Amino acid sequence: MTGPDPETKMQFLFALRSRGVTDPLVLEAMEEIDRGPFVRGIFAQRAYEDTPLPIACGQTISQPSVVGLMTQALQVSPRDTVLEVGTGSGYQAAILSKLARRVYTIDRHARLVREARALFEALHLPNVTSLVGDGSFGLPDQAPFDRIIVTAAAEDPPGPLLAQLKTGGIMVVPVGQSDTVQTLIRVRKTETGLDYDELRPVRFVPLLEGLGKET
Ligand code: SAM
């Protein structure tokens with residue numbers, strides 16, 4: 001894994017900054033984690049463009065600036081345990097691994113989890129645990145979480161995920177009907193309830209029920 005040439009890397013980081021990713025720790029993590037290995041086949045040559053790209057199982061690796069903005073909105077601290085729902089390529093989880101103590105990531109497609117797990121090993125990211133399952137139900141065995149990030153769109157923030165968020169915790173999730181523009185929201189759990197912030201319009205694949213077919 002050689003990574004991008006310096007000019008390409010500079011343009012990649014410039015695109016992130018110009019789209020609002022300004023948190024130095026998030027930028028550092030995104031500089032450290034090369035997007036190249038997470039994009040395969042004919043799309044590999046477009047890995048450093050600020051665009052979502054197709055991955056296996058009919059899914060997508062998200063646009064880097066959206067990954068950066070979601071990570072920034074999550075306000076991760078080094079002691080945090082984070083749950084990501086929607087492993088996809090593993091790119092978002094790899095970035096979170098540089099910012100958090102422990103990352104659990106879950107996807108309904110076994111093939112995506114297998115491929116992402118191989119990358120976490122190759123990149124020496126031992127604080128990421130990847131699992132196959134329907135992430136709408138969270139991971140009760142590992143709960144509660146300091147931070148939860150959902151990288152597929154739900155009609156509403158799933159109740160089990162809200163229940164598995166610590167008091168003082170933050171969840172970032174795109175909400176809205178699939179196939180339309182959705183809104184990225186941030187939910188903070190306080191002593192007295194839930195505070196919601198609308199962050200920006202986004203477009204994600206839907207959060208689906210059950211396990212995906214092996215492809
Ligand atoms: N975070 C990913 C990355 O860095 O490449 C991109 C995620 S992709 C936009 C959305 C992912 O959510 C897909 O891989 C899809 O299989 C997964 N997904 C959809 N519904 C799910 C569910 N109920 N539980 C777990 N994963 C789900």
Requested in this report: Inspect the stretch 9-21 for any residue being over 23 Å from Y196 (Cβ atoms), touching a residue at least 40 places away in the same chain (Cβ under 8 Å) and hydroxyl-bearing (S, T, Y) and give the result as yes or no.
Outcome: no
Requested in this report: Out of G41, G58, G88, G133, report the one residue that is within 9 Å of the ligand (Cβ to nearest atom) and more than 24 Å from D146 (Cβ to Cβ).
Outcome: G58
Query raised in the report: Hey, among the residues in the stretch 38-48 that are touching a Gly at 6+ places or on another chain (Cβ under 9 Å) and either assigned to a helix (DSSP H, G or I) or among the acidic types (D, E) (or both), which one's farthest from G90 (Cα to Cα)?
Result: A44
Query - From the options P126, P64, P78, P52, residue that is within 12 Å of the ligand (Cβ to nearest atom), more than 13 Å from I149 (Cα to Cα) and either aromatic (F, W, Y) or surrounded by fewer than 20 Cβ atoms within 10 Å (Cβ to Cβ) (or both) - result: P52
Requested in this report: Being near the ligand (Cβ under 6 Å from one of its atoms) and under 15 Å from P37 (Cα atoms) is the filter here, so list the residues in the stretch 91-114 that pass it.
Outcome: Y91, Q92, L112
Query raised in the report: Limited to the stretch 158-182, what total is found for residues that are modelled with pLDDT of 95 or more and either more than 12 Å from the ligand (Cβ to nearest atom) or in contact with a helix residue (DSSP H, G or I) (Cβ under 8 Å, 6 or more places away or on another chain) (or both)?
Result: 17
Query raised in the report: Which members of the stretch 136-147 meet the condition of being surrounded by 20 or more Cβ atoms within 10 Å (Cβ to Cβ) and more than 11 Å from the ligand (Cβ to nearest atom)?
Result: F145, D146, R147
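The values are calculated or read from the model by the stated rules, or taken from the named source; none is laboratory data. Small disclaimer: the values here were computed from a predicted structure and weren't measured. Using ideal geometry, Cβ is built from the backbone for each residue, glycine included, and neighbour counts are taken over all protein chains shown.
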